[in-house]
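Quick notes on the structure that follows.
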Amino acid sequence: MAVIKAYHRPTSADAALMLLSRRGVTSVLVAGGTAINARRDLEFDEIVDLQAAGLDELHRAGDRLTLGAMVRMQTVVDSPEAPDLLRDAAHREGPNTFRHVGTIGGAVAVADWESDLLAALLVLDTDVNVQAPEGHRMYGLAEFLEDPAKALDGGLITSISLAVTGATASDRVGRTPADKPIVAASGRRDLLGRLHLALSGVAATPILVDPDKVGDLTPPDDFRGSSVYRREMAVLLSKRVLAALA
Ligand SMILES: Cc1cc2nc3c(=O)[nH]c(=O)nc-3n(C[C@H](O)[C@H](O)[C@H](O)COP(=O)(O)OP(=O)(O)OC[C@H]3O[C@@H](n4cnc5c(N)ncnc54)[C@H](O)[C@@H]3O)c2cc1C
């Protein structure tokens, strides 16, 4: 277990980046802490806490909504600006106490393969803004999720931006309605009539899928669902979501 030698609470993303990029000091970045506080395997000297870095703004411009990386799940749930699909997914991320702490940037950085929230963000055409010592980079969420460590590469997520228009639907299976889903599907028909379908629990991270190729997936398996079960659920849930959007 790491012995913490210093704790920093920078007041800007730039100041956080400077702290993270010091040579000879191993620092860990903390947002809400819900995932990282459970890690006992990390070796680091110092903590860089993002809570005062001013990344908690939420604003709408046209048909896009921008969420600072430190926007909490409960803020998303409570926001009338956020699409219902996203508000529902944020609500299902965890209990009330967790939702007041966990952040949207943390969820994107963790890239949990069973994240219902990330499947919703994928169909909402989400971009991820990363600030690095060498400048700003923007990724489509699907590209970011292909290799989050490579996309971050010494940088930090400052915000995400997503579409608020279109018709949406989602469905999921889990051991209980309140449990983390085993497989979840989110869909959106955009204003041009194009369908976007995303699944979680079927690959190393949530993915966008071609509706005609869901049956070709070869999901990983674990104690909560075999590969065959996950594929069958992916096909079933995709059908339901697409029917709701027809
Ligand atoms: C009870 C419980 C239920 C959970 N359920 C889910 C779930 O259903 N789906 C799910 O996806 N996850 C789940 N998680 C995991 C995790 O809590 C969430 O992904 C959460 O939103 C992480 O946000 P955080 O702000 O707490 O991140 P932290 O724990 O602070 O950080 C997590 C990781 O992300 C990095 N990070 C955080 N913010 C940034 C940033 N802005 N830029 C770059 N890196 C950053 C940190 O350095 C760290 O490595 C759950 C956790 C708990 C405790």
### Task
For segment 6-52, calculate the relative contact order in percent as a whole number, restricting contacts to Cα pairs under 8 Å that are 6 or more residues apart.
55
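If a/c stays under 1.5 just call it rounded; otherwise compare a/b with b/c (prolate if a/b is bigger, oblate if not). Do that for segment 6-52, with a ≥ b ≥ c from the square roots of the Cα gyration tensor eigenvalues. Could you put the intermediate results ahead of the total?
Numbers: a/c = 2.51, a/b = 1.21, b/c = 2.06.
The shape class here is oblate.
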### Task
Could you list Thr205, Thr66 in order of exposure, starting from the residue whose Cβ has the fewest other Cβ atoms within 10 Å?
Thr66, Thr205
### Summary
The residues Leu145, Leu42, sorted from fewest to most surrounding Cβ atoms within 10 Å, come out as Leu42, Leu145
### Task
Take every Cα pair under 8 Å in segment 1-87 that's 6+ residues apart, average their separations, divide by the length, and report that relative contact order as a whole percent.
29
### Query
Dipole of segment 167-245, Cα-centred, from +1 at each Lys and Arg C-beta and -1 at each Asp and Glu C-beta, to the nearest 20 debye?
200
### Query
Using θ = phi - 60° and the Karplus form 6.51 cos²θ - 1.76 cosθ + 1.60, what ³J(HN,Hα) does each residue of segment 10-15 get, whole Hz, x for Gly and Pro?
x, 9, 7, 5, 4, 5
### Query
In which sequence would Arg99, Arg230, Arg23, Arg137 go, from the one with the fewest C-beta neighbours within 10 Å to the one with the most?
Arg23, Arg137, Arg99, Arg230
#### Entry: Size of electric dipole in the chain: Cβ of Lys, Arg +1 and of Asp, Glu -1, about Cα centre, debye, nearest 20
360
### Task
Between beta-carbons, use under 15 Å as the cut-off and find the net charge around Ser79, counting Lys and Arg +1, Asp and Glu -1.
-2
### Task
Please provide three numbers in whole Å: the alpha-carbon extents of segment 100-246 along the principal axes, with the largest listed first.
45, 39, 32
### Query
One-quarter of the Cα convex hull surface for segment 167-245, in nm²?
5.0
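Considering Cα pairs under 8 angstrom that are at least six residues apart, work out the relative contact order of the chain and quote it in whole percent.
Rounded, it is 16 percent for the chain.
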### Message
Rounded to the nearest 20 debye, what is the charge dipole size of segment 50-188 about its Cα centre when +1 sits on each Lys and Arg Cβ and -1 on each Asp and Glu Cβ?
### Response
260
### Message
Considering all projection directions equally, how large on average is the shadow of the alpha-carbon convex hull of the chain, in square nanometres?
### Response
13.6
### Message
Counting only helical runs of four or more DSSP H residues, what would the 222 nm mean residue ellipticity of the chain come to if each run contributes -39,500 (n - 2.57) and the total is spread over all its residues?
### Response
-8000 deg cm²/dmol
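Bear in mind these aren't lab numbers, they're just calculated from the coordinates by the rules spelled out. Remember, predicted model here, so these are calculated numbers, not experimental data. Cβ atoms come from the backbone with ideal geometry, glycine included; neighbour counts cover every protein chain shown.
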